[in-house]
Amino acid sequence: MRVTAAAATDIGLVREGNEDSYLTEEPLFAVADGMGGHRGGEVASQLAVETLEKLFKQGAGDLPDQVQEANRVVFERSVVDEKVAGMGTTLTAALVEGDRVRVAHVGDSRAYLLRDGNLRLLTEDHTLVHRMVTEGEISQEEAETHPQRSVLTRALGVETVVDVDDDTVQVRPGDRLLLCTDGLTSMVSVQAIEEVLRAVPDPQEAAQRLVRIANEGGGADNTTVVVLDFSDDGAAAAPNGKTAVPEAEIAPPPAGRPPRSRRRLPRKLLVWAGIIVALAVVALVGLRLYLDSQWYVGVSDEHVAIFRGIPTEVAGFELHHVVVETTISAEKAESLAVYQDRLGDGITAEDRDGAGAIVEQIRQDVEGMRQIPKPNQPGSTDASGP
Ligand code: MG
């Protein structure tokens, strides 16, 4: 099977940087959508695709293993480099093996297959709203405009291990595969995406058209698309079917320590220095793992927000970061007696889902101003003893 690949990426109209990355190194293709403060998102998505590419070239394991390893690499960087603490990324990767395509996926970027003019979604979004849809809590329509639609339930680089979706699809000549970040799918309907893929034969033009309509739809996010056209090996090249693979506009990764001139140090001193560094790393990793297991709901930028970590700082280092900033006004929430004194200090949650539940409760209370059950009250009020 012959593959003709094209890609396009754009910052959009709202964001200050492009945190998406992509990879078009036949036979391996991927998109990644990074998240995290400062340059964290950029670093995460870029590190993920670079690691994937490197492992593939080394022939280390299969595609899901390589994604798993990329997860570990991004996680470890976020542990040791405070500037990018808490970063993460989506990753949707496609490996072409003859007439089969292996798809590995984490997050809310997507893979679609266009066959005979019909677009089929190959991946499942790892988002809170998708889970709510599958559990019948909200409809697909409600999900598309839900204020928390971008909250991920799974991302690369935020835990030591990640669950990787792994799927294989058979492809035929004439098939077209699309990999895209949510900048496209949150701005453009599936029908409109299908129309473009059907109507524009040249993959590079199709990729650019998709990015353009995402921006015309509002361009609220970075948009990245990779388009793969499959054709017969022996067949003449499709008209204008040259492989067009623009380089990703990616800043170089934060470099390691600059090389220093080597001087001989006493061996004993080196051993001790090594031990001290190792202990410091163990302590940092331990602290980070502890903080990562802590969740609370507090205030960020005058909005109710979900935080990871603990609501305090030590020697100027904040031991928390915002995971989700909601659209709920903190002022309104604090005008309710039940949250008045608590939101500012942070309301502790057992885990991420618990924090989400608290936010939902606050949202309902603020919107409905109805009878407020006290959150955090012990669940059981069963007074009868054994
Ligand atoms: Mg995005």
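Things worth noting here:
- Applying D = kT/(6 pi eta Rh) to segment 293-371, where Rh is the Kirkwood radius over alpha-carbon pairs, T corresponds to 37 °C and eta to 0.692 mPa s, the Stokes-Einstein value obtained is 264 µm²/s.
- Overall, segment 2-231 carries a charge dipole of about 360 debye about its Cα centre when +1 sits on the Cβ of Lys and Arg and -1 on the Cβ of Asp and Glu, all other atoms neutral.
- Summarised as an ellipsoid, segment 2-231 has semi-axes of 24, 22, 17 Å, derived from the eigenvalues of the Cα gyration tensor scaled by 5 and square-rooted, with the largest first.
- Considering only T327, V366, I310, and ranking their Cα positions along the charge dipole of segment 293-371 that arises from unit charges at the beta-carbon of Lys, Arg, Asp and Glu, the one farthest toward the positive end is V366.
- Over the chain, accessible surface divided per residue gives 53 Å², non-protein components excluded, 1.4 Å probe.
- Ratio Rg/Rh [Cα only; Rh per Kirkwood] for segment 94-142: 1.07
- Sum of side-chain charges, E302 neighbourhood, beta-carbon under 13 Å (Lys, Arg +1; Asp, Glu -1): -3
- Rounded to the nearest 10 degrees, the angle from helix 190-199 to the longest Cα principal axis of the chain is 20 degrees.
- Scaled against 2.2 N^0.38 Å for its residue count N, the alpha carbon radius of gyration of segment 74-167 is 1.26.
- Most fluctuating residue given options N215, N18, N118, as computed from a GNM of the chain linking Cα atoms under 10 Å: N118
- The C-alpha atoms of the chain define a longest principal axis, and helix 203-216 lies at about 40 degrees to it.
- The portion of the accessible surface of segment 293-371 made up by carbon and sulfur, rounded to a whole percent, is 46 (1.4 Å probe; DNA, RNA and ligands excluded).
- Of the residues R72, R363, R176, the one that moves most in a GNM of the chain with alpha-carbon contacts below 10 Å is R363.
- Its alpha carbons give segment 28-140 an Rg and a Dmax of 15.6, 49 Å.
- Cα convex hull, segment 1-73: 90 Å³ per residue, rounded to a whole number.
- The chain: most fluctuating residue of E76, E135, E325 per GNM, C-alpha cutoff 10 Å: E135
- Among 346-359, 278-291, 327-340, the order from most to least packed when residues are scored by Cβ within 10 Å on average: 346-359, 327-340, 278-291
- Label point distance in nm, T134-L336, each placed 7 Å from Cα along Cα→Cβ: 2.9 nm
- Taking the Cα centre of segment 293-371 as origin and assigning +1 to Lys and Arg Cβ atoms and -1 to Asp and Glu Cβ atoms, the resulting dipole is close to 160 debye.
- Nearest-ten-degree value, helix 352-368 long axis tilted from longest Cα axis of the chain: 80 degrees
- Over 25 Å [Cα-Cα, the chain], rounded percent: 61 percent
- Mean Cα-pair separation over length for the chain, i.e. relative contact order, pairs under 8 Å, 6 or more apart, %: 18 percent
- Counting Lys and Arg as +1 and Asp and Glu as -1 over every other residue whose Cβ lies under 12 Å from the Cβ of T123, the net charge comes to -4.
- Of the two radii for segment 129-196, the radius of gyration is 1.01 times the Kirkwood radius, both from the alpha carbons; that is the Rg over Rh value.
- Remark: the chain carries a charge dipole of roughly 1800 debye about the Cα centre, counting +1 on each Lys and Arg Cβ and -1 on each Asp and Glu Cβ.
- For segment 2-231, with +1 on Lys and Arg beta carbons and -1 on Asp and Glu, the positive-most of G88, Q140, T181 along the dipole: T181
The values are calculated or read from the model by the stated rules, or taken from the named source; none is laboratory data. Because the structure is predicted, anything quoted here is derived from the model rather than measured. Heads up, the Cβs are rebuilt from the backbone with ideal geometry, glycines too, and the neighbour counts pull from every protein chain shown. Remember, those area values only see protein heavy atoms, side chains included, never the ligands or the DNA or RNA. Shrake-Rupley method; radii C 1.70, N 1.55, O 1.52, S 1.80 Å.
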